[in-house]
1. Do any of 69/285; 69/226; 106/151 go past 29 Å between their Cα atoms, and which?
2. Taking Rh as the Kirkwood radius computed over C-alpha pairs, what is the Stokes-Einstein D of the range 180-288 at 20 °C in a medium of viscosity 1.002 mPa s, expressed in µm² per second?
3. For 76, 67, give me the order by solvent-accessible area with a 1.4 Å probe, most accessible first, ignoring ligands, DNA and RNA.
4. Measure off, as a whole percent, the carbon and sulfur share of the 1.4 Å-probe accessible area of the range 146-294, all protein chains present.
5. Heavy atoms only, probe 1.4 angstrom, no DNA, RNA or ligands counted: give me 181, 115, 194 ranked by accessible area, highest first.
6. What does the accessible area of residue 103 come to, in Å² to the nearest 10, when a probe of 1.4 Å is used?
7. Can you tell me what share of the DSSP beta bridges in the range 137-244 is antiparallel? A percent to the nearest 5 is fine.
8. How much length would be gained if the chain were fully extended between residue 175 and residue 70, taking 0.36 nm per residue of separation minus their Cα-Cα distance, in nm to one decimal?
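The values are calculated or read from the model by the stated rules, or taken from the named source; none is laboratory data. Since the model is a prediction, treat every value here as computed from it, not as a measurement. Cβ atoms come from the backbone with ideal geometry, glycine included; neighbour counts cover every protein chain shown. The protein model used for the area step is the full one, side chains on, heavy atoms only, and it has no ligands, DNA or RNA in it. Shrake-Rupley method; radii C 1.70, N 1.55, O 1.52, S 1.80 Å.
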Amino acid sequence: MLSKLIKLINKANVNVFITLRRIALLSLYLFVPAASQAQHPDHAATRIRMGGSGSALGTLQLLADAFKKIHPQANFVIVPSLGSGGGLKALQAGAIDLAVISRPLKDSERGPGVMATEYARTPVVFAVAMTANLSAITTPELVSIYAGELKTWADGRQLRPVLRPDDESDTEIVRSMSPAMSQAVTAAHARQGMITALTDKANAESLETIPGALGTTTLAQIISEKRGLRPLALDGVGPSLANLADGKYRHYKTFYTVSGPWTPPSAHQFAAFVRSASGRDILEKNGHWVVPPK
């Protein structure tokens, strides 16, 4: 009976989250119609509305603050909890001016005037709270954890894996580590009573506050949001930008700015600032590796 109740609660949480995200997107569509920018270009020129991948938003705010010092007339609105897919839908509807995503565009998301430009990469890391006595982990240990075979830490505390939804890029990256890891992730998602964080923000908060928690996040989110989390070395390799750059650390997210047919010049100007020398300095200080131009 208890297991059925837990399953129903988990399903309800997912449904509530999906409903809330749809309401948020609908609110954007209703109150900020696409045609408004075309009809009132002067009014929209100083307002830059952005949203998308939660793991990018902390640094995006820092970049916006720096841009505003140079262009005081800029007025930023950063919409939380849209995710990459939600950000693209809002962009396509003209509800935001610039989307920030952590995966390549799908064929169904391409269209006239839609342009995605890579601006940085950040290591995807396994992390624990700063209070945990752990600095490294191995893939075989992770397989055992996700498969449910290893249930306690060395000090006897309960081990609590924090999962992401199966269609999230974090989950895809973890699955790609090895066939055994992919099978373990499938087993974890099938087990009752598992913790699933539906947004990047909820995920980071779960890792910080749930005793014995372990899960994935990004180096960029940890640094830019000043999270109380420790990124773990994986199989003896630390998730540093140097190790990412030379290929020693192989797990990362790629961030893109995406503009659309309604994107005003001010938003294009901000996207260019993100890729400028000043923007690169902010990115590198906040856990991003910028691919050198060819």
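1. Values: 69/285 18 Å; 69/226 22 Å; 106/151 38 Å.
Violating the 29 Å limit, Cα to Cα: 106/151.
2. Values: Rh = 16.7 Å.
Answer, rounded: 128 µm²/s.
3. Details: 76 40, 67 5 Å².
The ranking, largest first, comes out as 76, 67.
4. Numbers: 3700 of 6900 Å².
Roughly 54 percent of what the probe reaches on the range 146-294 is carbon or sulfur.
5. Working: 181 0, 115 120, 194 35 Å².
Most to least solvent-accessible, the answer reads 115, 194, 181.
6. 50 Å²
7. On the way: 2 of 8 bridges.
Approximately 25 percent, going by the DSSP bridge assignments.
8. Working: separation 105, 0.36 × 105 = 37.80 nm, distance 4.27 nm.
Once the chain is fully extended between residue 175 and residue 70, it gains 33.5 nm.
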